[in-house]
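Working notes, structure below.
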Amino acid sequence: MAVPAYPDLAPLLARLGALFDAATAALAGACSEGGKLSAAALDRQQGACFALAWARADLEAARALAAPDSWTPLQQALAAAFVAEAIPAVLARLETIHLDLGVELQALHALATAPELAVLRRGAASSQALASLGARVIAGPAEALALPSADEGVAMAREAFARFASEAVAPLAQPIHREDRDIPETLLQPLREMGVFGLSIPQEYGGSASGGAHDNALMLAVTEVLSEASLGAAGSLITRPEILARALLAGGTPEQQQQWLPRIASGEQLCAISITEPDHGSDVAGLTLSATPVQGGWRLQGAKTWCTFAGKAQLLMVVARTDRDRRLGHRGLSVFLVEKPAFDGHEFHCESPGGGTLTGRAIPTLGYRGMHSFDLAFDDFFVPAASLVGGEAGLGKGFYFTMAGMTGGRLQTAGRACGVMRAAISAAAAYARDRRVFGAPLASYPLTEIKLAHMAARYLACRELAETTARAGDGATLSLDASLAKLLACRSAELLTREAQQLHGGLGYAEEALVSRLFVDARVLSIFEGAEETLALKVIARGLLEGAAA
């Protein structure tokens, strides 16, 4: 397939970037008082801030797609198709900001009507161009879904885990989902042996991480291929050890690191993360579960919710309030490591050797089954002093340790979303080839082809943005970049699985259909590891505006 000649994308994206920077500066000015951002002003401008975050996500994805030169002709054409539609989308969001702030629109309109953009859109995003691309995707989605080149170690791991996912995970994915089962040991034990729980843990503690961009790229590759087979039965297993390991590395004492990291890396102790509370979702600073100092340790009192994998887990990372002064907000939080037995099923009850109880009940959910998310109740549950992450020096620093862990979790979640998108594209292409409607193959209709082209182009954008973030390593902008990758990929997974289900017609609504599982699984991605709204407003927009204000 020859790639049509498009206008150079770099000048168009440079102009768009300048317009974005100008809008960011204007919004920062509107949200500042005395040279500093004002929380009240930020809240008043939530609509503009939300638009800013989404504009940046589309802009960064377009920039990432404009760079690679090692793609197949089909992928190059899909990249151009995404950029051709991303530029008007970013301009529309910037227009929202301009309208909210009363800023003139001429500069935005000048780019929107630029002859070069019109040429790009006619060549890459017309119905005829998209139908041609979609026909190629339907005929052989493997080329559109081919993953970026990686170093030899990442490529070997990807191949090994992809084979395991296809042979072991995929056959169990539907029964685990439809019967709401636990993840069986027949999956957990081979994954332990393959080292999946140690991907984010340094080699000195028994893991495989060597430091730098390689670790993020490896994690992303493994997460994606496992999630393609099943989000709930395999793709999310890496996230919890990633978050806990990063938190321990950020704030744990040397003794705690030596004690816990090797056990997490080997999978000897499966873990879960307990942050969310019934009245405090993404508002971590408002958490109320209390930790009261007593002789030899602490007693935990209160409720948690949406603690995924809490039943099977033998180690819980619990964020608790150690300072009763609520005015301290996040500065009054600390992190504890709570040991418990592993339980199968949807309920459990255990007692601490030092007194007190912990009970858990699985929350019935639309999808994401296998992992099971639990409501937890701590009733005067004793944990020893050594459970406080960082010891006395860690008091009040739990928020920072948690955020250190969440950055990796958000990049992983982008990878999980990409895996679900891959599965949706493959399923939709296969069904379109086999299904006949109105006397002709579903694949032969231009609208089917256009839909598959849009799906493949968006997947490619999300995957390249996540890959670009992973290749950059653990730099100063990782938190913002990982949040952008998650924001875009998770919403895109919803869109793609919806289109895949729609192409299946009535069959797609049946529980027996693969795409129905993909659709309900994808819905959770924009909610956990930072809800979409909180991520956009409190992490992305605030980070961008702080930079502009400075």
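Here, each number is a calculation from the coordinates, and none is a lab measurement. Remember, it's a predicted structure, so these values are computed and weren't measured experimentally. Don't worry about glycine lacking a Cβ; one is built from the backbone with ideal geometry, like all the others, and counts go over all protein chains shown.
Observations on the model:
- Cα convex hull of the stretch 271-398, projected area averaged across orientations, nm²: 7.2
- In the stretch 37-79, the trypsin sites (Lys or Arg not before Pro) that fall in loop regions by DSSP, at most 11 other Cβ within 10 Å: none
- In a reduced charge model with +1 at each Lys and Arg Cβ and -1 at each Asp and Glu Cβ, the chain shows a dipole moment near 640 debye about its Cα centre.
- For q = 0.12, 0.15, 0.24 Å⁻¹, Debye-computed log10 I/I(0) when each Cα of the stretch 453-550 counts as one equal scatterer: -0.48, -0.68, -1.20
- In this structure the amide hydrogen of Leu37, modeled in the peptide plane, comes within under 5 Å of no amide hydrogen from residues 5 or more places off or on another chain.
- Computed log₁₀ I(q)/I(0) - Debye formula, equal Cα scatterers, no solvent, the stretch 52-208, q 0.14, 0.18 Å⁻¹: -0.95, -1.10
- Counting neighbouring beta carbons within 10 Å and listing from fewest to most, the residues Thr288, Thr305 come out as Thr288, Thr305.
- Residue exposure sequence - Met156, Met403, Met317 - by fewest surrounding Cβ within 10 Å: Met156, Met403, Met317
- The fraction of all Cα pairs in the stretch 372-473 landing in successive 5 Å bins from 0 to the largest distance is 2, 9, 12, 12, 12, 10, 10, 8, 7, 6, 5, 4, 3, 1, 0, given as whole percents.
- Computed extension gain for Ala430 through Glu339, at 0.36 nm per residue and net of the alpha carbon distance, reaches 28.2 nm.
- Placing dummy labels 7 Å off each Cα toward the beta-carbon, the span from Ala160 to Gln203 is 1.4 nm.
- In terms of surrounding Cβ atoms within a 10 Å radius of their Cβ, Glu104, Glu204 rank from fewest to most as Glu104, Glu204.
- Bridging of Lys312 to aspartates and glutamates at a Cα separation below 12 Å is possible for Asp182, Glu185, Glu268, Glu339, Asp344, Glu347, once same-chain residues fewer than 8 apart are set aside.
- Over the stretch 226-309, the Kirkwood radius and the radius of gyration, each from Cα atoms, give a ratio Rg/Rh of 1.02.
- HN-Hα J in Hz across the stretch 52-64 - Karplus 6.51, -1.76, 1.60, θ = phi - 60°, x for Gly and Pro: 5, 4, 5, 4, 5, 4, 5, 5, 5, 5, 4, 4, 5
- FRET efficiency for Gln502 and Gln295, using Cβ-Cβ distance with R0 set to 51 Å, rounded to 0.05: 0.25
- The stretch 1-125, Rg to Rh (Cα coordinates; Rh as Kirkwood inverse mean 1/r): 1.05
- Cα coordinate range in the stretch 151-234, projected on the principal axes (Å, largest first): 40, 23, 15
- Modelled FRET efficiency - R0 22 Å, Ala510 with Glu179, Cβ distances, 0.05 increments: 0.90
- Computed E for Arg324/Thr534 - FRET, C-beta separation, R0 25 angstrom, nearest 0.05: 0.50
- Between 0 and 90°, nearest 10: helix 514-523 axis offset from the chain longest Cα axis: 70
- Taking amide H as placed 1.01 Å from N in the peptide plane, the amide H of Thr305 sits under 5 Å from that of Thr276, Glu277, Leu376, each at least 5 places away or on another chain.
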